[in-house]
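Comments concern the structure below.
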Amino acid sequence: MKKSICFLLLSGFVMLISCESGWVVKDKNGSLGKTDAPVAKSFSLTQNQVVAAQEGRLVVTENSTSNFGAEKVIPVQFEILSPDTKSQAVMLLPDGKSGKRSFRWFESKTKIKNIMEVKEDIESGQIIMSDDGKPVLRYNYKTVYEKDAIDTLAANKYIVTANDTFMANPSIYAVARSNYIHPLYGLNGELLTRDWSKDHPHHRGIYWAWPEVKFGSQLGDLHALQIVFARPTGKIKLQNGPVFAQIEAENLWMWRDSIPIVQEIAIIRSYHATSKGRIIDLTFRFVGLKDSVSIARRGTKFYGGLNVRMQTPKKQVISVSTDSSNIVPLRCWSDLSGLFSGADKSSGLMVLQHKQNPDYPGDWIQYPELSWVQPTFPAFGTRYTLNRGKSLILRFRLFIHAGNKPDSELSKMLWDVFNSDAAPKLSFSFSEME
């Protein structure tokens, strides 16, 4: 790594002192910068840099042939920080020229503020994530009962079909639950997700669950909260910083609330919102703990996987896009947008699938009358076996945006940056159970 001695003292900026250079980002077509995407890389830091990073003072600024004094400090956050091995750093790439971009390390004299925060709410005991004091989401790790519901809007009209006949008596599905995201907020504080709806009371914001969980010859329903349930173990790890906040939590799928059959680790990471929007990355690991455990969509053909139940906005528009199989790269995303209650402008939520997910691309299932669109897993007509001691890993990215759905060009760039080599790869700190 090339060494350099650099000094910078500007009114309104951090004062910087000598450092090591550098961080090179290859942004061939400018997609990373045009979307303010999070990028990550591993570095061998000096002892002084490790100390500065531990104190929140290690930052970067971009090399440029333009006026040096006009450059701004870019916050950096570390996923792994070690004086002995490579440290993994994350930043939000600012907009700039496409192609090869070079950044210099600096040690600032003042600590960069941790604007991304996640903490336990004293009143509810749930996990609250915020961005510079503004709410981002709540992760309900502990049990939520109907009396705790914060969704007071009238339920949507719904349709009972031959494939959804269990809703003939929805009250039996009004079951206490945990392990889901709700509320999820828009960029202006508007409520995007729904919980405890009168039509489908088991729908619970954003949750990862399957309507068919098979254990031996028996069948349970993690989606509708019947027979098998995701229960918290108490193992949870929170991380704050200037770039992102992260939750890592362990749950066990308990068969009849007595037999653990699957270990689940969920990572929820939200990045600082920019003028482009807010990115939230979801990574899940599922490990079978017993023999003969499998998961499937409803009837192996309909819904199941990452479930997304939204509030119903005015002028709702749902769109899905999956490239044909002969296109490289094969991109895949959905979007639900409109005018949500409490907002004076349209906004929405995009869901992007990662190309490394098994059975990619997953089918899109939508129920407009329920403000529902989801990427399904596993593939149509199949069951996925959660083999004992082996991991299933699924990755998704949420993009919260202002305005109507992003245009085709921006949508392509958002998928590209999520699936690029520069994107952070969320790693698990909790070990697999045997």
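Only residues that are of a type in the set (Phe, Trp, Tyr) and either in contact with a His (Cβ under 7 Å, 6 or more places away or on another chain) or not in a strand (DSSP E or B) (or both): list them for the range 359-384, please.
Tyr360, Phe377, Phe380
Of everything in the range 35-56, what is of a type outside the set (A, V, I, L, M, F, W, C) and under 11 Å from Leu92 (Cα atoms)? Give them in sequence order.
The answer is Thr35, Asp36, Pro38.
Determine if the range 119-135 includes at least one residue that is modelled with pLDDT of 95 or more, surrounded by 21 or more Cβ atoms within 10 Å (Cβ to Cβ) and in the same structural domain as Ala245 (by TED's automatic domain parsing).
Taking every residue of the range 119-135 in turn, at least one turns out to be modelled with pLDDT of 95 or more, surrounded by 21 or more Cβ atoms within 10 Å (Cβ to Cβ) and in the same structural domain as Ala245 (by TED's automatic domain parsing).
Name the residues in the range 183-206 that are assigned to a strand (DSSP E or B), free of Cβ contacts under 8 Å to residues at least 60 places away in the same chain and more than 19 Å from Gly338 (Cα to Cα), would you?
Selection gives nothing.
Okay, residues lined up against (1) in the same structural domain as Tyr367 (by TED's automatic domain parsing); (2) part of a loop (DSSP other than H, G, I, E, B); (3) surrounded by 22 or more Cβ atoms within 10 Å (Cβ to Cβ):
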site	(1), (2), (3)
Arg309	yes, no, yes
Ser321	yes, no, no
Asn326	yes, yes, no
Trp333	yes, no, yes
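Residues in the range 275-284: is at least one assigned by TED's automatic domain parsing to the domain that holds Thr193, in contact with a helix residue (DSSP H, G or I) (Cβ under 9 Å, 6 or more places away or on another chain), of a type in the set (Lys, Arg) and more than 17 Å from Gly205 (Cβ to Cβ)?
yes
Do you know which of the residues in the range 176-190 that are farther than 22 Å from Asp257 by Cβ and of a type in the set (Gly, Ala, Ser) is surrounded by the fewest Cβ atoms within 10 Å (Cβ to Cβ)?
Checked the range 176-190; the qualifying residue surrounded by the fewest Cβ atoms within 10 Å (Cβ to Cβ) is Gly189.
For the range 207-229, enumerate the residues that are more than 10 Å from Ile295 (Cα to Cα) and assigned to a strand (DSSP E or B).
The answer is Tyr207, Trp208, Gln218, Gln226, Val228, Phe229.
Scanning for something in the same structural domain as Phe229 (by TED's automatic domain parsing), in contact (Cβ under 8 Å) with a residue 12 or more places away in the chain and either over 20 Å from Val243 (Cβ atoms) or of a type in the set (Phe, Trp, Tyr) (or both), does the range 79-91 turn up at least one residue?
No, every residue in the range 79-91 fails to be in the same structural domain as Phe229 (by TED's automatic domain parsing), in contact (Cβ under 8 Å) with a residue 12 or more places away in the chain and either over 20 Å from Val243 (Cβ atoms) or of a type in the set (Phe, Trp, Tyr) (or both).
Just to be sure, is Gly299 under 22 Å from Pro211 (Cα atoms) and under 20 Å from the mean Cα position of the chain (by Cα)?
no
The values are calculated or read from the model by the stated rules, or taken from the named source; none is laboratory data. Keep in mind the model is a prediction, meaning the values are calculated, not measured. FYI the Cβ positions are ideal-geometry reconstructions off the backbone, even for glycines, and counts take in every protein chain you see.
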